[in-house]
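A.B. asks: Structure below; questions to follow.
The values are calculated or read from the model by the stated rules, or taken from the named source; none is laboratory data. Only a predicted model underlies this, so the values are computations on that prediction, with no experimental measurement involved. Using ideal geometry, Cβ is built from the backbone for each residue, glycine included, and neighbour counts are taken over all protein chains shown. Calculation scope for accessible area: heavy atoms of the full protein, side chains included, ligands and nucleic acids excluded. Shrake-Rupley method; radii C 1.70, N 1.55, O 1.52, S 1.80 Å.
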Amino acid sequence: MKLKFSSIEIKSDLLPHSENDTNQYKEIAGYILDAASGSPYLDVEIDDKILYFSTIFTTKLIEGIIDNIYSYAYSRKGAKYLSGDASMSISEAITYATFNTLYNVKFTNIIPFRSVKYLGTIADAMIDLTREEKLRKSIGAEGGLLFINIRSSMNPRTYYILDKITKSLMNIEIVRYPNNYGVLSLITREDENLKETFIYIKP
């Protein structure tokens with residue numbers, strides 16, 4: 001599967017760290033979306049075998065996962081009729097496969113949380129950076145944990161994507177702040193291009 005990938009970084013002190021500062025989070029989300037839209041994209045090809053293996057760690061196991069992923073990525077009609085659970089699981093699989101492809105992150109070092117969010121855990125997943133040298137060096141970390149939130153939208157409307165970024169920032173700061181790292185994986189589609197942006201939050 002082919003996708004266009006980009007990444008940006010933001011410093012923790014730019015965020016308000018309060019659930020009551022919704023308007024400030026919305027403003028920051030606007031800056032992030034502008035920065036993501038203007039950042040250069042790297043053409044990435046993810047092997048189907050890696051993509052298939054990454055589905056083991058998703059919230060729901062979906063029958064015909066590869067066909068569903070391609071339908072989600074390249075067929076507007078196919079994406080429209082997928083359930084929310086299917087869309088989320090597909091987005092999780094793409095995100096985990098991207099970590100493996102670009103940063104050599106071992107699947108065994110990805111700890112998924114989404115299926116137990118009812119227990120109070122906010123992030124979708126976590127990676128121990130001390131065990132992932134390439135990823136750690138890429139984001140300039142000495143160690144710590146990387147908390148992951150995953151959001152996707154086939155709806156190109158700006159306000160819809162901004163809402164997803166805003167909520168994700170607020171959620172991930174609860175578990176990341178003050179000493180760990182966070183990343184929002186934002187998956188969107190423009191025409192026939194599937195795009196993924198990693199928005200890293202650094203302490």
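A.B. asks: What is the extension gain from Thr22 to Asp34, computed as 0.36 nm multiplied by their sequence separation minus the C-alpha to C-alpha distance, in nm to one decimal? Before the final figure, lay out the partial values.
C.D. replies: Working: separation 12, 0.36 × 12 = 4.32 nm, distance 1.86 nm.
My answer for the length gained is 2.5 nm.
A.B. asks: For a quick protection proxy, order the peptides 159-166, 132-139 by their average other-Cβ count within 10 Å, most packed first. Please report the intermediate quantities before stating the final value.
C.D. replies: On the way: 159-166: 17.0, 132-139: 15.5.
Averaged packing, sorted descending, gives the order 159-166, 132-139.
A.B. asks: How much mean residue ellipticity at 222 nm does the chain get from its helices, if each DSSP H run of length 4 or more adds -39500 (n - 2.57) and you divide by all residues, to the nearest 500 deg cm²/dmol?
C.D. replies: On the way: 7 runs with 84 residues, N = 203.
Counting only the DSSP helices, I get -13000 deg cm²/dmol.
A.B. asks: Follow-up question, since we're still on this one. Strictly over 21 Å apart at the Cα level, which of Lys49/Lys137; Lys2/Lys195; Lys106/Lys137; Lys106/Lys167; Lys11/Lys137; Lys134/Lys164 would you flag in this model? All intermediate terms of the calculation are to be shown ahead of the outcome.
C.D. replies: Working: Lys49/Lys137 26 Å; Lys2/Lys195 9 Å; Lys106/Lys137 16 Å; Lys106/Lys167 28 Å; Lys11/Lys137 17 Å; Lys134/Lys164 28 Å.
Cα-Cα > 21 Å for Lys49/Lys137; Lys106/Lys167; Lys134/Lys164; rest within.
A.B. asks: On the protein heavy atoms, probe 1.4 angstrom, tell me the percent of accessible surface of the stretch 2-201 carried by carbon and sulfur. Don't jump to the answer; show the numbers that get you there.
C.D. replies: Values: 4970 of 9890 Å².
Carbon with sulfur: 50 percent of the solvent-accessible area.
A.B. asks: Restricting to the stretch 2-201, compute how many DSSP beta bridges are antiparallel as a %, nearest 5. Present the calculation step by step, with values, prior to reporting the outcome.
C.D. replies: Values: 20 of 35 bridges.
Just about 55 percent of them are antiparallel.
A.B. asks: Report, in order of residue number, the helices in the chain meeting two criteria: a C-alpha extent of 18 Å or more along the helix axis, and a mean Kyte-Doolittle hydropathy of at least 0.0; treat each whole DSSP H run as one helix. Could you put the intermediate results ahead of the total?
C.D. replies: Working: long enough: 22-38 (24 Å, -0.27); 84-103 (28 Å, 0.24); 158-176 (27 Å, 0.22).
Span-like helices, by this rule, are 84-103, 158-176.
A.B. asks: If you count only protein heavy atoms with a 1.4 Å probe, what accessible area per residue comes out for the chain, rounded to a whole Å²? Provide the component values of the computation, followed by the final result.
C.D. replies: On the way: 9990 Å² over 203 residues.
With the other protein chains kept in place, the chain gives 49 Å² per residue.
A.B. asks: Mind running the shape call on the stretch 2-201? Use the C-alpha gyration tensor, a ≥ b ≥ c as the square roots of the eigenvalues: rounded below 1.5 for a/c, prolate if a/b tops b/c, oblate otherwise.
C.D. replies: On the way: a/c = 1.43, a/b = 1.19, b/c = 1.20.
The shape class here is rounded.
A.B. asks: Next question. Calculate, for Lys202 and Lys106, the FRET efficiency according to 1/(1 + (r/R0)^6) with r their C-beta to C-beta distance and R0 22 Å; round to the nearest 0.05. Walk me through the numbers on the way to the answer.
C.D. replies: Numbers: r = 22 Å, r/R0 = 1.02.
Computed FRET efficiency for Lys202 and Lys106 comes out at 0.45.
A.B. asks: Which Cα, out of Ser39, Phe57, Leu146, lies furthest along the positive dipole direction of the chain (beta carbon charges, K/R +1, D/E -1)?
C.D. replies: Phe57
A.B. asks: Can you give the charge dipole size of the chain about its Cα centre, rounded to the nearest 20 debye, using +1 on the beta carbon of Lys and Arg and -1 on the beta carbon of Asp and Glu?
C.D. replies: Numbers: 24 positive and 25 negative charges, 38 e Å.
I would put it at about 180 debye.
A.B. asks: May I pose another question? How much FRET efficiency would the formula 1/(1 + (r/R0)^6) give for Glu142 and Asp191, where r is the Cβ-Cβ distance and R0 is 35 Å, rounded to 0.05?
C.D. replies: 0.30
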